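Below is one structure, written out as structure tokens; comments come after it.
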Amino acid sequence: MFKASPVGAAFNYKEAYRNLPKSSLKGIKLLFIDDDYVNYIYFHEMLKPSGVIVERAISLPEAVYKLKTSFDIRIAIISLTDINNSNQDIIRSVKGMFPELPILTITDRQYTLKQDYFTAGCDSYINRHTDFDQLVNTIEDLLEEKSIAG
């Protein structure tokens, strides 16, 4: 267990995550699609102890370019702040061009809108207010499902 930092002190990720169990994600490359830099940094730091390699795209054209030119991306994580047609279009477009690529959607929207993400083509959904274990387990489960189905 780690000690709480004084108010205003920087959060020490190494201390907070040093006793986490090892994951099977070491060396796996994922594409994190999000135009919010702070959100990207948060999830990048959260995933760091797992050994996963995080590549970032801030738009659909950039995501498509990276997926077409980087053949070792194994999963896409789309972090959505709004549920609107453009967000569903991003999911639909990525899934349409790369049907075998697992897509995990991260959002803070209410549970009742979850079906919209699945209809658009995402393979799994996780709430933005998650923890390390839940995030890593969801990614591992998606990769396992795709390897069994493929």
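The values are calculated or read from the model by the stated rules, or taken from the named source; none is laboratory data. A quick note: this is a predicted structure, and the numbers were derived from the prediction, not measured. Because the Cβ atoms are built from the backbone with ideal geometry, glycine has one as well, and the counts that use them run over all protein chains shown.
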Quiz prompt | In the range 47-67, the residues that are modelled with pLDDT of 90 or more and part of a helix (DSSP H, G or I) | solution = LEU47, LYS48, PRO49, SER50, PRO61, GLU62, ALA63, VAL64, TYR65, LYS66, LEU67
Quiz item: So which pairs qualify, if the first residue must be in the range 133-146 and touching a residue at least 24 places away in the same chain (Cβ under 8 Å) and farther than 16 Å from ILE73 by Cα, the second must be surrounded by 14 or more Cβ atoms within 10 Å (Cβ to Cβ) and of a type in the set (Val, Ile, Thr), the Cβ gap must be under 7 Å, and the two must be at least 6 apart or on different chains?
Solution: LEU135/ILE126; THR138/ILE126
Practice problem: Check off (1) at pLDDT below 90; (2) assigned to a loop (DSSP other than H, G, I, E, B) for GLU145 and give me the number that stays unchecked. | Solution: (2)
Quiz prompt | Residues satisfying the stated conditions in the range 1-33, i.e. in a loop (DSSP other than H, G, I, E, B), at pLDDT 90 or above and of a type outside the set (A, V, I, L, M, F, W, C) | solution = LYS26, GLY27
Exercise. For ILE33, state whether it is farther than 18 Å from ASP123 by Cα and surrounded by 13 or more Cβ atoms within 10 Å (Cβ to Cβ).
Key: no
Exercise. Check the range 43-51 and report whether any residue there is crowded, with 16+ Cβ neighbours inside 10 Å and of a type in the set (Lys, Arg).
Key: no
Quiz item: Taking interchain pairs and intrachain pairs at least six residues apart, which have beta carbon atoms under 9 angstrom, with the first residue in the range 43-68 and closer than 24 Å to HIS129 by Cβ and of a type in the set (Ser, Thr, Tyr) and the second modelled with pLDDT under 95 and crowded, with 18+ Cβ neighbours inside 10 Å?
Solution: SER50/SER23; SER50/LEU25; SER50/ILE28; SER50/LEU135; SER50/VAL136; SER50/ILE139
